[in-house]
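Participant: Encoded as C-alpha cells, here's the structure I'll be asking about.
We did not get these values from a lab; they are worked out from the coordinates using the rules stated. For clarity, every value in this text was computed on a predicted model and none was experimentally measured. Positions of Cβ are generated from backbone atoms using ideal geometry, with glycine treated the same way; all protein chains shown enter the neighbour counts.
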Amino acid sequence: MSYPLDFAHYALEFSDGGRSNKHYNATLLIAPNGMSILVKRWGKIGSIGEMKVEKFAIQKKAESEFEKIVQSKLGKGYETRSHNMKQINAEGELRMAFGPAVWPKLPGSALEHVLPGFDTAGRKELGETRFDENGKFKGDPAPRVFSQAEIAAARAAERLAAQEEAQKTYAVNPNFGRF
C-alpha cells in the first residue's frame, strides 16, 4: 500500500426556505502515484443519500473535476458547511476521514484503485442510483414482462421435465406406483 494520501473534502448544503433542503459532499482522494477517486454524495439533509464514485488515472483530471463540481454547486446557491484538506498516513485515518456513513459503502474496486493490495474482501460495488445529482428521480428499472408465448413455452418445458423425471423413476423401479 502506498501512503500518504492527499484528502480533500467539501460539504455543501442548499436550502430555499423549506421547499428544498439538500446536501452535496465531494471528496477527492489522491495516491502518490496520481491515481485518484472522486466520491460524490447527495440527498436530503439528515439522510445518507445517494453515492457515486469515479476513478481517475490522471491527477490533474481528478482535481479539475473536483473543482468544477464544487464551483458548480456554489454557483447554484449551495453554501459551504465544511471544507478540509489533509494528508492521510494510515488506514485508521482514512476510515475516520470518510466517516462511518461512507466508509463501509466505498466499493472495493475504488479503494484498490488508489491503494493497490488493500484488503477489499466483503466490499460490494455500488449499484445504480435512483436519483441523479440534482435530486431528480431517475425511476426504478422497468420490470421484465413476459409474452404469452414465452409463458406457454416455459410451462411446456416444465411439463416435459416432469414427464422425463417420472420416466426415469419408473425405469429404476418397475414396481413403482403399484399397490
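Participant: Taking the range 113-179, which GluC sites (Glu not before Pro) meet the DSSP loop condition and have no more than 10 other C-beta atoms within 10 Å?
Facilitator: In loop regions of the range 113-179 (DSSP not H, G, I, E or B), the sparsely surrounded GluC sites (Glu not before Pro) are 125, 128.
Participant: Which whole-Hz ³J(HN,Hα) couplings does the range 71-76 yield from phi under the Karplus relation 6.51 cos²θ - 1.76 cosθ + 1.60, θ = phi - 60°, glycine and proline marked x?
Facilitator: My calculation for the range 71-76 gives 5, 4, 5, 5, x, 8 Hz in order.
Participant: With volume of the Cα convex hull per residue in Å³ as the read-out, I listed (1) 143; (2) 249; (3) 122; which label goes with the value calculated from this structure?
Facilitator: (2)
Participant: Restricting attention to the range 18-78, which trypsin sites (Lys or Arg not before Pro) occupy a DSSP loop and are surrounded by at most 12 other Cβ atoms within 10 Å?
Facilitator: 19, 76
Participant: Post the alpha-carbon centroid distance, the range 122-151 to the range 88-113, in whole angstrom.
Facilitator: After rounding, the separation between the Cα centres reads 27 Å.
Participant: Using a ≥ b ≥ c from the Cα gyration tensor of the range 111-179 (square roots of the eigenvalues), is it rounded, prolate or oblate, where a/c under 1.5 gives rounded and otherwise the larger of a/b and b/c decides, a/b for prolate?
Facilitator: oblate
Participant: Oh, and also: If you take the beta carbon distance between residue 132 and residue 158 as r and set R0 to 45 Å, what does 1/(1 + (r/R0)^6) give as a FRET efficiency, to the nearest 0.05?
Facilitator: 0.60
Participant: Same structure, new question: Got a sec? How would 27, 80, 129 order by Cβ neighbour count within 10 Å, fewest to most?
Facilitator: Listed from fewest to most nearby Cβ atoms, that is 80, 129, 27.
Participant: What nm distance separates the two modelled labels at residue 151 and residue 119, each placed 7 Å from Cα along Cα→Cβ?
Facilitator: That separation, rounded to one decimal, is 5.1 nm.
Participant: Students often get this wrong, so check it: of 44/86; 73/124; 40/76; 22/76; 68/136; 61/105, which have C-alpha atoms separated by over 22 Å?
Facilitator: 44/86; 73/124; 61/105
Participant: What are the trypsin sites (Lys or Arg not before Pro) within the range 147-179 that DSSP puts in a loop, where the Cβ has at most 13 other Cβ atoms within 10 Å?
Facilitator: Counting only loop positions with at most 13 other Cβ atoms within 10 Å, the trypsin sites (Lys or Arg not before Pro) in the range 147-179 are 178.
Participant: In which sequence would 48, 88, 37 go, from the one with the fewest C-beta neighbours within 10 Å to the one with the most?
Facilitator: Listed from fewest to most nearby Cβ atoms, that is 48, 88, 37.
Participant: Tabulate in residue order the Karplus-calculated ³J(HN,Hα) for the range 169-174, using 6.51 cos²θ - 1.76 cosθ + 1.60 with θ = phi - 60°, rounded to whole Hz; enter x for Gly and Pro.
Facilitator: These are the phi-based 3J(HN,Hα) values: 5, 5, 5, 6, 10, x Hz.
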